[in-house]
Amino acid sequence: MLEIALIIILTMLVIFLSASIILRLRRAKGTIQLSEAAIRELMTAMLNNIRTGRILDIAGKVSYVLKEFLGCEQLLFIKYYRGLLEVNYYHGFQNPDREKLRIRLTSELQNKLSSFHNISPVDELSPTFPAEFLNRLKVLGLSYFFPVYLRENLYGVYFVRTELPLTNPSLQFLSAALAYSLSTAYHIGIQEQQIKKYEGRVQKMILAQSRTPVAGAQNSGDVARLLKIKNSRQLIPELMIMLRKECDFSKMAFYVEPENSCETLIAINWNLEPQTDRILKENYSGLVGKMKVDRVFSLGELAKSGSPLGDKIRKLSDNDIKYLASISWVGEKRAILAWNGRMNSDDVVRRLKRFQVEALPLVDNAAQFEKVEEMCYTDGLTGLYNFRFFQKRINEEFLRAKRYGRSLALLIFDIDELKTVNDKYGHLAGDELLRSFGKVLSESVRSIDVVSRYGGDEFCLIMPEANRDKTRLFMDRIREKIAVRQPPPEGLAESPKYSVSIGGAVFPVDADAVEVLIKAADMALLKAKSEGRDRSKLYSPEAVGKI
């Protein structure tokens, strides 16, 4: 739901931007102007997308605008479905020969299509696309194409024939806007299907709980509480407590790799010796490789191997754990469960199977929610956290620093020469510069620091437990690192030269509230830029002025 809301907001922004561009086009003399009817149809398509998002309605509007206002005499739309691109709609000819126009979408083809951001000549698909496919397009007289995709998701490709040249601004603008409108309709439709699927699963689960509750759950209240947990690291320990009680384990440990492989291993230990926990945790990958099927393994069975893994297993005491089990987990992962207890292994296996059936949908639901939340908190260009996440974390870190009496630094960075780079090399080079700086910044910080894109050419860094001296040293170090010329972006012979201005403030010296801390850092940044840019300034009332 969060992702759908963001797409709707983005669509509204596109409508506003479209209106602004159209007004500018209409004011400009000597340029091709969009007709009012074309504007109305485009706005209707986008507003329908916001209201209902019905794919058939949006697709109909897209084809209508292409035919009526861009002079596309012939149209062909091939849609992605189950690994194939197949004919979904055509206009202006009788037999498109569906077999010759059906191709399997390989990763190479998808990468090729995703590299096009505007309507382009069909010839540019060669040689990646099959020659027979391209020849058939030429026979049909189709000269241009534009892909319909959102982020990494490709939904189809439009092929058209029009007498308008590629330089026509109406052709460029309308084709991009129509592709976006249709891709969001497909994306919202798929997300709604996923939500309905999970809602149905949850309803079935709730219904099933009235007869057979989740293993170890005491009542329906436990199930309702579990359904509300949307964080895997909070949910899994709760499930493990229930499993431990259900199987009467006297000692237990559970290990699984998280969905995000960059995060640390999810490890739960109950009543185990520290050495046992350490051995199991350090050898998780080896155990997963050894235990590739869902079954119980005794310590003796695993220790028989003469491999280094077998030697380490032999160090485990039977008094601590007796059995290990490999369990299929969410996201094609494999979990390792170790335990000791009075219940025989056959009874444990039966309870484990029931646990998998009833508990894994809960974990899957939490994982899906985390993925959507991650997309909401990620900047699409740089891959860093976005302003939304920054607002969340700055409040959390400020409260933590205030509670424990610790310092908290906030830095705001501004790339000084971004407009010059855009004007000289183009906006793609400017985007590459933003990505490059984001990478340099993220590689220069501590694991506890939080790097975010603040917006436009500004970035921010939250530094817990950093005092003014540490903050000043970091500001100088990052500017020196930027001064060293970076490798040139792809497609450019030289690396654009740029610098950064930095403003910083530290709690509790410079501020007693979050809003004041942000304003202090911002005022320091403005002071740095006013003194000639390529500067770093820490807030002080004497140098910057009182807040």
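The values are calculated or read from the model by the stated rules, or taken from the named source; none is laboratory data. A quick note: this is a predicted structure, and the numbers were derived from the prediction, not measured. Backbone-built Cβ (ideal geometry, glycine too); neighbour counts: all protein chains shown.
Within segment 46-86, the only residue that satisfies the criterion of being small (Gly, Ala, Ser), within 31 Å of the chain's Cα centre (by Cα), at pLDDT 75 or above and over 14 Å from residue 178 (Cβ atoms) is 83. The residue of segment 100-129 that is farthest from the chain's Cα centre (by Cα), among those that are within 15 Å of residue 155 (Cα to Cα), of a type in the set (D, E, K, R) and exposed (fewer than 15 other Cβ atoms within 10 Å of the Cβ), is 102. Within segment 86-112, track down each residue that is in a helix (DSSP H, G or I) and in contact with a helix residue (DSSP H, G or I) (Cβ under 8 Å, 6 or more places away or on another chain). Residue satisfying the conditions is 112 alone. For residue 438, the criteria (1) in contact with a Lys or Arg (Cβ under 7 Å, 6 or more places away or on another chain); (2) surrounded by fewer than 14 Cβ atoms within 10 Å (Cβ to Cβ) hold in every case but one, which is (2).
What do you reckon, is residue 445 surrounded by fewer than 17 Cβ atoms within 10 Å (Cβ to Cβ) and in contact with a strand residue (DSSP E or B) (Cβ under 9 Å, 6 or more places away or on another chain)? When the stated conditions are applied, residue 445 passes them. Looking across segment 83-115, the residues that are touching a residue at least 12 places away in the same chain (Cβ under 8 Å), within 22 Å of residue 67 (Cα to Cα) and not acidic (Asp, Glu) come down to 87, 88, 89, 90, 91, 92, 93, 96, 98, 101. Exactly one residue among 537, 529 is basic (Lys, Arg), in contact (Cβ under 8 Å) with a residue 40 or more places away in the chain and under 25 Å from residue 480 (Cα atoms), and that residue is 529.
Each row is one residue, and each column tells you yes or no for (1) crowded, with 21+ Cβ neighbours inside 10 Å; (2) in contact with a strand residue (DSSP E or B) (Cβ under 8 Å, 6 or more places away or on another chain); (3) under 19 Å from residue 110 (Cα atoms).
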position: 131; (1), (2), (3): no, no, yes
position: 169; (1), (2), (3): no, no, no
position: 176; (1), (2), (3): no, yes, yes
position: 184; (1), (2), (3): yes, yes, yes
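Can you find a residue that is within 29 Å of the chain's Cα centre (by Cα), polar (S, T, N, Q) and not in a helix (DSSP H, G or I) anywhere in segment 263-281? Within segment 263-281 (the criterion being within 29 Å of the chain's Cα centre (by Cα), polar (S, T, N, Q) and not in a helix (DSSP H, G or I)), the answer is yes, since at least one residue qualifies. Comparison of 385, 377 shows that the only residue that is within 30 Å of residue 434 (Cβ to Cβ), in contact (Cβ under 8 Å) with a residue 24 or more places away in the chain and not hydrophobic (A, V, I, L, M, F, W, C) is 385. Being modelled with pLDDT of 85 or more, among the aliphatic types (A, V, I, L, M) and not assigned by TED's automatic domain parsing to the domain that holds residue 153 is not true of residue 428. Report yes if residue 450 is touching a Pro at 6+ places or on another chain (Cβ under 6 Å) and surrounded by 19 or more Cβ atoms within 10 Å (Cβ to Cβ), otherwise no. The answer is no for residue 450.
Does segment 145-153 contain any residue that is out of contact with any Ser or Thr (no Cβ under 6 Å at 6 or more places or on another chain) and closer than 24 Å to residue 94 by Cβ? Checked against the condition, which is being out of contact with any Ser or Thr (no Cβ under 6 Å at 6 or more places or on another chain) and closer than 24 Å to residue 94 by Cβ, segment 145-153 yields at least one hit. Of all the residues in segment 453-478, those that are within 16 Å of residue 507 (Cα to Cα), of a type outside the set (Val, Ile, Thr) and crowded, with 17+ Cβ neighbours inside 10 Å number 7.
Summed over segment 227-281, the residues that are surrounded by fewer than 19 Cβ atoms within 10 Å (Cβ to Cβ) and aromatic (Phe, Trp, Tyr) give a count of 1.
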